[in-house]
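The values are calculated or read from the model by the stated rules, or taken from the named source; none is laboratory data. Predicted model, so just to flag it, every value in this text is computed and none were measured. Cβ placement follows ideal geometry from the backbone for every residue including glycine, while neighbour counts extend to all protein chains displayed. Ligands, DNA and RNA are excluded from the accessible area calculation, which covers all protein heavy atoms including side chains. Shrake-Rupley method; radii C 1.70, N 1.55, O 1.52, S 1.80 Å.
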Amino acid sequence: MAALRVAGRQLSQHRGSGAPILLRQLFEPKSCTYTYLLDPVLETAHRDAQLVKEEAGGRVNTHCHADHITGSGLLRSLLPGCQSVISRLSGAQADLHIEDGDSIRFGRFALETRASPGHTPGCVTFVLNDQSMAFTGDALLIRGCGRTDFQQGCAKTLYHSVHERIFTLPGDCLIYPAHDYNGLTVSTVEEERTLNPRLTLSCEEFVKVMDNLKLPKPQQIGEPLGVWISGSEGGGGWELDFWV
Ligand SMILES: N[C@@H](CCC(=O)N[C@@H](CCS)C(=O)NCC(=O)O)C(=O)O
Ligand SMILES: [Fe+2]
């Protein structure tokens, strides 16, 4: 976590309840990876560098990939009470495994888990319960998307994931990806629906583009990618609702 820096923070008005949530966006420059801290307690807004150490909460991962060494195991030992969460389909180890439709509650808020495979089979997108923001991992990047040429990636699957699970969110829903290579920090569903050069193509054209990206393999072993969620107001931590 040492290389992480605070790239930005934002208060989002939680639709309907009037209660804002604090979002901090942390950037690891070598692998261009974002980690997000979600804090439902407005009074903690002054926290900065020590923020992660001060929080007892959980770490939820959007996916597991060869170019990311997840720090969740180390963080568990450094932060008592911290638990790691990842999708069951990722095949990765974690304290808790989640599936499509599972809801992770923290404070007054919750993150809905939406399966969004294609970049990897286990990729998920986390959507805040008022649908004001979505953490898309490597499924949808700003004006791009995750590559599908290794670790069981599938371009057709990714196309359907983005169109059916992300582009169906409200147009003003903020998009927070796991990486950005061009200095961009946030987008919206409407922007990506209309301006994303890959995802505005037909499925057939998209598959052709993805099959010919010819990207070099990721060079950088990165910090973990994912979302931190802080403990609830009462210190009761966070919990998962499994809807099965
Ligand atoms: N040359 C870059 C490659 C980074 C890369 O491959 N990123 C992945 C996401 C992390 S698994 C990706 O899907 N990129 C899509 C794209 O269009 O860039 C580097 O080594 O940093
Ligand atoms: Fe990835």
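Can you go through Leu195, Leu158 and tell me which one is open to solvent by less than 20 Å² (accessible area, probe 1.4 Å) and not β-branched (Val, Ile, Thr)?
Working: Leu195 fails: open to solvent by less than 20 Å² (accessible area, probe 1.4 Å).
Sole residue among the options that is open to solvent by less than 20 Å² (accessible area, probe 1.4 Å) and not β-branched (Val, Ile, Thr): Leu158.
Which condition from (1) among the polar types (S, T, N, Q); (2) farther than 23 Å from Ser31 by Cβ; (3) open to solvent by 50 Å² or more (accessible area, probe 1.4 Å) is the one that Thr188 breaks?
(3)
Does the range 105-159 hold any residues that are among the basic types (Lys, Arg) and modelled with pLDDT of 95 or more, and which are they?
Once the filter is applied, which keeps residues that are among the basic types (Lys, Arg) and modelled with pLDDT of 95 or more, the range 105-159 yields Arg114, Arg143, Arg147, Lys156.
For Leu78, state whether it is at pLDDT 80 or above and not small (Gly, Ala, Ser).
Details: at pLDDT 80 or above: no; not small (Gly, Ala, Ser): yes.
No.
Among the residues of the range 139-186, which ones are β-branched (Val, Ile, Thr), touching a strand residue (DSSP E or B) at 6+ places or on another chain (Cβ under 8 Å) and more than 14 Å from Tyr34 (Cα to Cα)?
Of everything in the range 139-186, those that are β-branched (Val, Ile, Thr), touching a strand residue (DSSP E or B) at 6+ places or on another chain (Cβ under 8 Å) and more than 14 Å from Tyr34 (Cα to Cα) turn out to be Val162, Ile166.
Take Arg165 and tell me if it is away from ligand 1 (no atom under 15 Å from the Cβ) and among the basic types (Lys, Arg).
Working: away from ligand 1 (no atom under 15 Å from the Cβ): yes; among the basic types (Lys, Arg): yes.
Spelling it out, Arg165 is indeed away from ligand 1 (no atom under 15 Å from the Cβ) and among the basic types (Lys, Arg).
For the range 127-148, which positions are within 10 Å of ligand 1 (Cβ to nearest atom), open to solvent by less than 20 Å² (accessible area, probe 1.4 Å) and assigned to a loop (DSSP other than H, G, I, E, B)?
Asp138, Ala139, Gly146, Thr148 - these are the residues of the range 127-148 that are within 10 Å of ligand 1 (Cβ to nearest atom), open to solvent by less than 20 Å² (accessible area, probe 1.4 Å) and assigned to a loop (DSSP other than H, G, I, E, B).
Of all the residues that make up the range 84-118, how many are within 16 Å of ligand 1 (Cβ to nearest atom), in contact with a helix residue (DSSP H, G or I) (Cβ under 6 Å, 6 or more places away or on another chain) and farther than 18 Å from Cys173 by Cβ?
Going through the range 84-118 one residue at a time, the tally reaches 2.
Name the single residue, out of those in the range 198-218 being of a type outside the set (A, V, I, L, M, F, W, C) and touching a residue at least 24 places away in the same chain (Cβ under 8 Å), that is most open to solvent (accessible area, probe 1.4 Å).
Step one: list which residues in the range 198-218 are of a type outside the set (A, V, I, L, M, F, W, C), which gives 198, 200, 202, 204-205, 208, 211-212, 214, 216-218.
Now narrow it down to the ones that are touching a residue at least 24 places away in the same chain (Cβ under 8 Å): 198, 211, 217-218.
Details: Arg198: 53, Asp211: 106, Lys217: 160, Pro218: 54 Å².
Only one residue tops the list, namely Lys217.
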